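Colleague: Submitted below is the structure of interest, expressed as structure tokens.
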Amino acid sequence: KLIVSLGTLLKQTPILRRRALYQACLFGAFSLFWTVVPLRLADDFGMSQQGIAWFALVGVGGAVAAPIAGRLADKGWSKWLTGLAMIIATLSFLLIHLFHSHSTFALILLFISAITLDMAVSGNLVLGQRVIYSLGSEARGRLNGIFMAIFFVGGAVGSSLGSWAYAYGGWTFASLIGVILPLLDLVYFFTEKRSTKTVK
């Protein structure tokens, strides 16, 4: 009965579906990035495993966005910040898609995009969970479980797409898909109506 209730909750809670899809697209782009970037760093910039590890460590800096997003959401900026997260994610991929040379400038853009993409994803996660937790305490655990499951599926899809795209079209193809995922998210975001808002 508990498992069956998950489907009922998903069906009856439109804001849960919306927030889960928002995060699924962003986390899909994030997973695609971190699946493909090590390959680009090794193939195009000749980085060693140690160099790639240092690159990944720099990307963690984007996690600082999570507490900031939480504080701003408490001030009623949730919807605005959600759109901003999608725009940042889209621009992060667009820049590294357009500037895909082997130059130092392209490498610097990769570093910047790693941080800004992490900021967008971690910030939007906090916003999404804040909305989910506001739906009530009776089913909070199940609601959060559905939310997490859906966006992790998005991450798995993004990682798979990244591997496939890089194998068949290299960095250009993979980064193009990286642009499309948060862009689709943004288009869907513009369909949000006031009636689906539970938290300002």
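Computed from the coordinates by the stated procedures, all read-outs in this text should not be read as laboratory data. On a predicted model such as this, the values are computed, not experimentally measured, just so you know. As a convention, Cβ positions derive from the backbone with ideal geometry for all residues, glycine included, and neighbour counts pool all protein chains shown.
Colleague: How large is log10 I(q)/I(0) at q = 0.13, 0.18, 0.32, 0.34 Å⁻¹ when the Debye formula is applied to the Cα atoms of the stretch 1-44, each weighted equally and without solvent?
Modeller: Values, matching the q order: -0.49, -0.64, -0.97, -1.01.
Colleague: Continuing with this model, one more query. Just need the relative contact order of the chain here, percent rounded to a whole number, with Cα pairs under 8 Å and 6+ apart.
Modeller: Details: 257 pairs, mean separation 83.8, N = 200.
Answer for the chain is 42 percent.
Colleague: Principal axis extents for the chain, Cα atoms only, whole Å, descending order, please.
Modeller: 53, 36, 30
Colleague: Plugging the Kirkwood radius over Cα pairs into Stokes-Einstein for the stretch 42-151, at a temperature of 4 °C and a viscosity of 1.567 mPa s, what D comes out in µm²/s?
Modeller: My calculation gives 83 µm²/s for D.
Colleague: Tabulate in residue order the Karplus-calculated ³J(HN,Hα) for the stretch 41-52, using 6.51 cos²θ - 1.76 cosθ + 1.60 with θ = phi - 60°, rounded to whole Hz; enter x for Gly and Pro.
Modeller: Values per residue, Gly and Pro as x: 4, 6, 6, 9, 10, x, 6, 7, 4, 5, x, 5 Hz.
Colleague: Still on this structure, please answer the following. Each residue of the stretch 157-174 in order: what ³J(HN,Hα) in whole Hz does its phi give by Karplus 6.51 cos²θ - 1.76 cosθ + 1.60, θ = phi - 60°, with x for Gly and Pro?
Modeller: Working through the residues one at a time gives 5, x, 5, 5, 4, x, 4, 5, 5, 5, 5, 9, x, x, 4, 4, 5, 5 Hz.
Colleague: For the stretch 110-176 and the stretch 89-104, what is the separation of their Cα centres, given in Å?
Modeller: Rounded to whole Å, the Cα centres lie 20 Å apart.
Colleague: Placing one identical point scatterer on every Cα of the stretch 1-83 and ignoring solvent, what is log10 I(q)/I(0) from the Debye formula at q = 0.24 Å⁻¹?
Modeller: -1.14
Colleague: So, one more: Show me the ranking of peptides 2-9, 30-37 by mean Cβ neighbours inside 10 Å, starting with the highest. Please list the in-between numbers first.
Modeller: Numbers: 2-9: 10.5, 30-37: 24.1.
Descending mean neighbour count gives 30-37, 2-9.
Colleague: Can you give the relative contact order of the stretch 20-115 as a percent, counting alpha carbon pairs under 8 Å and 6+ residues apart? Numbers along the way, then the final one.
Modeller: Numbers: 35 pairs, mean separation 31.2, N = 96.
Computed over the stretch 20-115, the figure is 32 percent.
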